[in-house]
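Engineer: The structure is given below, and queries will be raised subsequently.
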Ligand SMILES: O=C(O)CCC(=O)C(=O)O
Ligand SMILES: [Fe+2]
């Protein structure tokens with residue numbers, strides 16, 4: 001989505017005047033179906049969920065655990081999140097260099113982004129609640145959604161880990177919610193070419209359809225994120241620059257313990 005002013009107005013009218021269609025996927029009464037779907041063998045799970053349009057998981061890698069989540073958002077919900085980010089104001093994203101607890105600008109991360117508010121509106125709330133159900137965590141364990149925009153040819157995020165490194169990072173990094181347990185990258189718009197999420201240690205260059213997500217576990221199972229042996233070093237990953245078209249994602253980092261204050 002190239003957010004020219006005229007298109008933004010059009011999007012505003014089309015997306016915001018119409019509330020997102022009532023979606024059975026997120027309705028509380030569908031929780032049982034959602035859970036049942038996750039606890040079935042993958043083949044059945046996929047078929048059942050496809051029929052019902054419920055979100056479902058496909059495992060991509062066993063160790064570290066990497067999944068694709070299908071049917072997480074509708075196209076309208078994707079556009080709504082991009083618009084919320086645009087209204088909030090996109091600015092250059094920052095990084096926290098290893099060994100510090102301070103955000104700084106860096107040539108290793110050149111994309112733009114905007115932080116949405118926690119449980120900001122119905123679409124954001126449903127997404128945060130669904131991710132909580134999928135991962136058996138609470139929405140309060142999540143950092144706010146960060147919407148990221150990568151323009152054609154130029155913007156990327158070089159290889160990095162999402163976890164705080166117990167061997168290098170200061171104790172303050174772990175004070176609010178412990179370590180980053182899970183990363184979810186919801187694709188709102190995929191580049192026509194390039195722009196993959198690249199896991200060099202796993203030999204994977206992944207992308208997803210708008211409304212689907214990639215999810216990976218930054219920590220081993222039944223492990224404490226302050227233990228240097230607990231982190232999944234093979235989750236090192238990069239956002240490659242789009243070669244054609246542009247890319248929009250919404251990233252959610254889920255912590256081991258409640259992260260949100262209050
Ligand atoms: O945009 C992507 O594909 C990955 C983003 C990412 O790794 C991050 O923001 O930590
Ligand atoms: Fe990352």
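The values are calculated or read from the model by the stated rules, or taken from the named source; none is laboratory data. Quantities reported herein were computed from a predicted structural model and do not represent experimental measurements. Note that we place each Cβ from the backbone using ideal geometry, even for glycine, and neighbour counts take in every protein chain shown.
Engineer: Consider the stretch 137-166. How many of its residues are away from ligand 2 (no atom under 16 Å from the Cβ) and at pLDDT below 95?
Structural biologist: Taking the stretch 137-166 as the starting set, the residues that turn out to be away from ligand 2 (no atom under 16 Å from the Cβ) are 137-141, 151-154, 166.
Filter once more, so that each one left must be at pLDDT below 95: 151-154.
So the answer is 4.
Every residue, every condition in (1) under 14 Å from residue 55 (Cβ atoms); (2) part of a loop (DSSP other than H, G, I, E, B), yes or no:
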{"position": "125", "(1), (2)": "no, no"}
{"position": "128", "(1), (2)": "yes, no"}
{"position": "132", "(1), (2)": "yes, no"}
{"position": "147", "(1), (2)": "no, no"}
{"position": "153", "(1), (2)": "no, yes"}
{"position": "167", "(1), (2)": "no, yes"}
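Engineer: Sort out which residues of the stretch 68-97 are under 19 Å from residue 56 (Cα atoms) and in a loop (DSSP other than H, G, I, E, B), and write them in order of number.
Structural biologist: Within the stretch 68-97, 71, 72, 73, 74 qualify.
Engineer: At positive phi, surrounded by fewer than 16 Cβ atoms within 10 Å (Cβ to Cβ) and away from ligand 1 (no atom under 16 Å from the Cβ): does that describe residue 99?
Structural biologist: Criteria met by residue 99.
Engineer: Among the residues that make up the stretch 214-232, is at least one of them over 21 Å from residue 166 (Cα atoms) and crowded, with 20+ Cβ neighbours inside 10 Å?
Structural biologist: Here is the first cut: in the stretch 214-232, the residues over 21 Å from residue 166 (Cα atoms) are 214-215.
Among the residues that remain, those that are also crowded, with 20+ Cβ neighbours inside 10 Å are: 214-215.
Checking the stretch 214-232: at least one residue is over 21 Å from residue 166 (Cα atoms) and crowded, with 20+ Cβ neighbours inside 10 Å.
Engineer: Out of (1) crowded, with 19+ Cβ neighbours inside 10 Å; (2) farther than 19 Å from residue 259 by Cα; (3) over 15 Å from the mean Cα position of the chain (by Cα), the odd one out for residue 87 is which?
Structural biologist: Condition (1) is where residue 87 drops out.
Engineer: Consider residue 61 against the criteria (1) more than 22 Å from residue 222 (Cα to Cα); (2) away from ligand 1 (no atom under 14 Å from the Cβ); (3) touching a residue at least 40 places away in the same chain (Cβ under 8 Å): it satisfies all of them except one. Which criterion is unmet?
Structural biologist: For residue 61, the failing item is (1).
Engineer: Can you name the residue in the stretch 247-262 that is farther than 24 Å from residue 231 by Cβ and surrounded by fewer than 23 Cβ atoms within 10 Å (Cβ to Cβ) and is also nearest to ligand 2 (Cβ to nearest atom) among such residues?
Structural biologist: 261
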